[in-house]
């Protein structure tokens with residue numbers, strides 16, 4: 001529905017009736033009123049009835065069925081015209097919005113108004129992301145064509161869920177024929193989705209393996225390798241970080257690290273023998289982004305200051321307001337900086353030799 005602030009109930013009703021090939025006389029008969037009364041509403045000479053009032057429940061249902069429009073959309077237009085209430089924003093994916101509100105668990109019906117008040121509610125976003133994953137998994141059939149690179153799969157999902165044709169056409173057409181019910185946990189942002197169809201059950205089982213990095217799954221979580229590092233030379237790393245999945249290589253998550261971190265963790269590979277006494281050529285350093293507050297004395301860190309265009313690996317020591325960055329190789333000097341001198345400081349959370 002067009003939710004322009006200039007949209008009126010009468011204009012919307014005329015457009016819908018014309019598009020559907022329906023006459024005002026048909027509507028008058030269904031409502032049990034005179035054709036003249038309906039004509040005055042369609043022309044804008046008379047205001048529409050307050051369809052949001054409980055006493056007009058039957059009338060709302062008739063208008064909704066006649067115009068083939070959701071009841072809430074009609075109530076929005078009437079309240080906008082009668083009471084100058086602002087119209088809710090246009091949903092990013094109108095067809096998907098209609099589907100997911102219809103499939104929302106009845107115990108969470110209170111969430112409906114909250115979702116409709118936003119163009120793309122966080123619960124909507126999480127659900128669309130999950131539905132896209134389930135759809136792509138189901139389309140892979142036996143799994144032979146399924147992308148085994150989990151980071152690339154997630155990156156692909158994040159891109160296709162921005163496309164209206166995919167979400168409002170492909171995704172909706174598929175799930176309109178598959179029954180499911182969903183709930184949103186506001187505190188964690190998690191989505192619970194249940195369904196009895198074989199496609200839903202099998203896809204949910206595989207998605208759980210992918211998201212948890214189950215070692216028995218052929219689709220084990222992987223991490224992008226974004227650079228090489230040595231004792232003295234750094235590696236290229238932009239101020240804004242990197243896009244997940246754009247590393248030049250992919251490596252499995254290290255043992256002991258939560259698999260759900262795979263979507264954010266990145267990795268650098270030790271190159272040369274300048275660090276051989278500590279790591280050895282080819283060792284992998286796994287770094288957790290935005291981990292500044294987790295860093296303590298003696299941690300191995302990735303850092304980048306405002307003067308250099310490269311990032312380096314050092315051990316850190318705190319001294320009042322200064323950060324002492326110590327090299328792993330004694331042939332290089334300590335670097336002393338203040339926090340404001342740095343644009344990047346992140347903790348190495350695991351090393352695989």
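Does region 238-258 contain at least one residue that is surrounded by 18 or more Cβ atoms within 10 Å (Cβ to Cβ), at pLDDT 80 or above and within 27 Å of the chain's Cα centre (by Cα)?
No; the residues of region 238-258 include none that is surrounded by 18 or more Cβ atoms within 10 Å (Cβ to Cβ), at pLDDT 80 or above and within 27 Å of the chain's Cα centre (by Cα).
Evaluate region 51-72: report whether one residue or more is on the phi > 0 side of the Ramachandran plot and touching a helix residue (DSSP H, G or I) at 6+ places or on another chain (Cβ under 9 Å).
Taking every residue of region 51-72 in turn, at least one turns out to be on the phi > 0 side of the Ramachandran plot and touching a helix residue (DSSP H, G or I) at 6+ places or on another chain (Cβ under 9 Å).
Which ones in region 307-332 are at pLDDT below 80, touching a strand residue (DSSP E or B) at 6+ places or on another chain (Cβ under 8 Å) and in a loop (DSSP other than H, G, I, E, B)?
309, 327, 328, listed by residue number.
Applying the selection to region 12-39, what residues are surrounded by fewer than 16 Cβ atoms within 10 Å (Cβ to Cβ) and within 22 Å of residue 83 (Cβ to Cβ)?
Listed by number, the list holds a single entry, 37.
What number of residues within region 188-199 are under 13 Å from residue 126 (Cβ atoms) and part of a loop (DSSP other than H, G, I, E, B)?
Total meeting the criteria: 2.
Among the numbered criteria (1) within 22 Å of residue 225 (Cβ to Cβ); (2) in contact (Cβ under 8 Å) with a residue 24 or more places away in the chain; (3) touching a strand residue (DSSP E or B) at 6+ places or on another chain (Cβ under 7 Å), which single criterion is violated by residue 292?
Going through the list (1) within 22 Å of residue 225 (Cβ to Cβ); (2) in contact (Cβ under 8 Å) with a residue 24 or more places away in the chain; (3) touching a strand residue (DSSP E or B) at 6+ places or on another chain (Cβ under 7 Å), residue 292 breaks only (1).
Identify, please: which residue in region 170-187 is in contact (Cβ under 8 Å) with a residue 40 or more places away in the chain and in a helix (DSSP H, G or I) and is, among those, surrounded by the most Cβ atoms within 10 Å (Cβ to Cβ)?
So the residue we want is 171.
Has region 132-146 got at least one residue that is in the same structural domain as residue 159 (by TED's automatic domain parsing), surrounded by 14 or more Cβ atoms within 10 Å (Cβ to Cβ), in contact (Cβ under 8 Å) with a residue 40 or more places away in the chain and not in a helix (DSSP H, G or I)?
Within region 132-146, one or more residues are in the same structural domain as residue 159 (by TED's automatic domain parsing), surrounded by 14 or more Cβ atoms within 10 Å (Cβ to Cβ), in contact (Cβ under 8 Å) with a residue 40 or more places away in the chain and not in a helix (DSSP H, G or I).
For region 103-125, how many residues are surrounded by 15 or more Cβ atoms within 10 Å (Cβ to Cβ) and closer than 16 Å to residue 70 by Cα?
Of the residues in region 103-125, 4 are surrounded by 15 or more Cβ atoms within 10 Å (Cβ to Cβ) and closer than 16 Å to residue 70 by Cα.
The values are calculated or read from the model by the stated rules, or taken from the named source; none is laboratory data. Just so we're clear, the structure is a prediction, and the values are computed from it rather than from any experiment. Every residue, glycine among them, receives a Cβ derived from its backbone with ideal geometry; neighbour counts consider all protein chains shown.
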